[in-house]
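Reviewing the structure listed below.
The values are calculated or read from the model by the stated rules, or taken from the named source; none is laboratory data. Here the structure is a predicted model, which is why all the values come from computation and not from measurement. Counting neighbours? That spans all protein chains shown, and the Cβs are built from the backbone with ideal geometry, glycine included.
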Amino acid sequence: MTLYPNLILDALRNVRYPASGKDIVSAGMVEDDIRIDGNKVSFSLLFDKPTDPFIKSLVRAAEAAILTYVSPDVEIKGNINVKTRAAAPQPAVKPLAQVKNIIGVSSGKGGVGKSTVAANLAVALAREGYKVGLLDADIFGPSVPKMFGVEDAELFMHKVDDRELIIPLEKYGVKILSIGFLVDKNAPVLWRGSMASNALRQLITDADWGELDYFVIDMPPGTSDIHLTLVQTLAITGVIIVTTPQEVALADARKGINMFLGDKVNVPILGLVENMAWFTPEAHPDEKYYLFGREGGVRLARELNVRLLAQIPLVASVCDGGDKGEPIALKDSIMGHEFIHLAHEVADAVEERNRELPPTEKVNVTRK
């Protein structure tokens, strides 16, 4: 079979770019550099950004289209180059300009239930009638997709004021984005700090978050350059620190609080959540077993003069809800009400924080 460029272009017209719905030839994404050597074909695909979330899927789709519509004998795999168009200068856009309050949820160490608290706080705020977004900024261990049951979801883009923006998923009344939507869920994310920071900025600035009362950020555990990226990119209202009563966790929580209050970061602490404060069997809700120590978070809050927002018991239904993609805050249960209480405490802490701001920086948050 004789191959020629128009035959390749006709095959590629069957591939559509998800963000616009146009085929990649009409969209000008196939560069005029098609090379044919016997049954070997190579060419370039053009993208506006090197971080376009659809690059890999479009390369695979282009390969499949040529094998399907031209010939299965065409040698194409590995011969598609990916290039980035020279971008025209864009006017500066204020990140999250329509968001009233940005709340970070952080922890000094992993394993204390930070993501569980962030996910359930977001759902509880939504249940109380607020417009809520949740960003999974835990680049190296994203768990929000699992907790919301959307691990296999696909992202799409649309145009807003001449900008192509990612459309956040929406579930349980919460708009959600996570790096977990863009990477293989079974593979580790092996990125240098700068790559992780750039991916995070894209999820913040290149997404159509719209109007929100609360934007909750599930931060990575510990202290890292990701935290610096967030505080440098966004005007964060305040941070919630999650810890367990265990002394090891408390020592790391103390470091995290000091980082946020330090001169380089200088972000207010809205309060502290003592997670896994005690173990309570489902069948005996009045019983308490202090597995990780007793009231360590209470003492730390008192020592550092920060607000104790909640003491969350260790109950199996909380873990089960996260594993099933159904956060416990959805339920009208004892634990569901614990997170509704946390949402009220956070709203009060934010209101108190806003009262301390100059009049020009205050925001009003009302329920729907």
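Within the stretch 263-283, identify whether any single residue is more than 20 Å from Ser115 (Cβ to Cβ), basic (Lys, Arg), surrounded by fewer than 15 Cβ atoms within 10 Å (Cβ to Cβ) and out of contact with any His (no Cβ under 7 Å at 6 or more places or on another chain), and answer yes or no. Checking the stretch 263-283: at least one residue is more than 20 Å from Ser115 (Cβ to Cβ), basic (Lys, Arg), surrounded by fewer than 15 Cβ atoms within 10 Å (Cβ to Cβ) and out of contact with any His (no Cβ under 7 Å at 6 or more places or on another chain). Scanning the stretch 225-248 for residues that are more than 29 Å from Met195 (Cβ to Cβ) and touching a Phe, Trp or Tyr at 6+ places or on another chain (Cβ under 8 Å) turns up Thr244, Pro245, Gln246. Note on the stretch 249-368: enclosed helices (runs of 4 or more DSSP H) holding 3 or more residues that are small (Gly, Ala, Ser) and touching a residue at least 40 places away in the same chain (Cβ under 8 Å) are 334-355.
The residues of the stretch 192-236 that are buried (at least 18 other Cβ atoms within 10 Å of the Cβ), more than 29 Å from Asp162 (Cβ to Cβ) and charged (D, E, K, R) amount to a single one, Asp218. In the stretch 204-222, of all residues being within 26 Å of Asn354 (Cα to Cα) and either not in a strand (DSSP E or B) or not assigned by TED's automatic domain parsing to the domain that holds Lys159 (or both), the one that is farthest from the chain's Cα centre (by Cα) corresponds to Glu211. Here is the figure for the stretch 223-248: residues that are part of a helix (DSSP H, G or I) and without any contact (Cβ under 8 Å) to a residue 40 or more places away in the chain total 5.
Listed by first and then second residue, the pairs with beta-carbon distance under 8 Å, at least 6 apart or on different chains, first residue in the stretch 44-55 and within 15 Å of Arg16 (Cβ to Cβ), second among the polar types (S, T, N, Q) and modelled with pLDDT of 85 or more, are Leu45/Asn81; Phe47/Thr84. Pairs are defined by a Cβ separation below 7 Å, a sequence spacing of at least 6 or placement on different chains, a first member in the stretch 109-126 that is farther than 20 Å from Phe279 by Cα and assigned by TED's automatic domain parsing to the domain that holds Met335, and a second member that is hydroxyl-bearing (Ser, Thr, Tyr) and surrounded by fewer than 24 Cβ atoms within 10 Å (Cβ to Cβ); the pairs so defined are Val123/Tyr172; Ala126/Tyr172.
The set of residues in the stretch 100-137 that are surrounded by fewer than 24 Cβ atoms within 10 Å (Cβ to Cβ) and acidic (Asp, Glu) contains only Glu128. Restricting the stretch 247-284 to residues that are among the β-branched types (Val, Ile, Thr) and within 16 Å of Ser107 (Cα to Cα), the residue that is farthest from the chain's Cα centre (by Cα) is Val248. With respect to the conditions (1) assigned to a loop (DSSP other than H, G, I, E, B); (2) exposed (fewer than 15 other Cβ atoms within 10 Å of the Cβ), Pro53 lacks only one, and its number is (2).
Within the stretch 289-306, work out how many residues are surrounded by fewer than 16 Cβ atoms within 10 Å (Cβ to Cβ) and within 26 Å of Val123 (Cα to Cα). Even if it seems obvious, please write down each step before you answer.
Pass one, the stretch 289-306, residues surrounded by fewer than 16 Cβ atoms within 10 Å (Cβ to Cβ): 289-291, 294, 298-299, 302-305.
When the remaining residues are screened for being within 26 Å of Val123 (Cα to Cα), the result is 298.
Residues that pass the stated criteria total 1.
With respect to the stated conditions, Ile166 is touching a strand residue (DSSP E or B) at 6+ places or on another chain (Cβ under 7 Å), of a type in the set (A, V, I, L, M, F, W, C), modelled with pLDDT of 85 or more and surrounded by fewer than 22 Cβ atoms within 10 Å (Cβ to Cβ). Among the residues of the stretch 121-146, the ones that are closer than 17 Å to Phe339 by Cβ and either assigned to a loop (DSSP other than H, G, I, E, B) or at pLDDT below 95 (or both) come to 5 in all.
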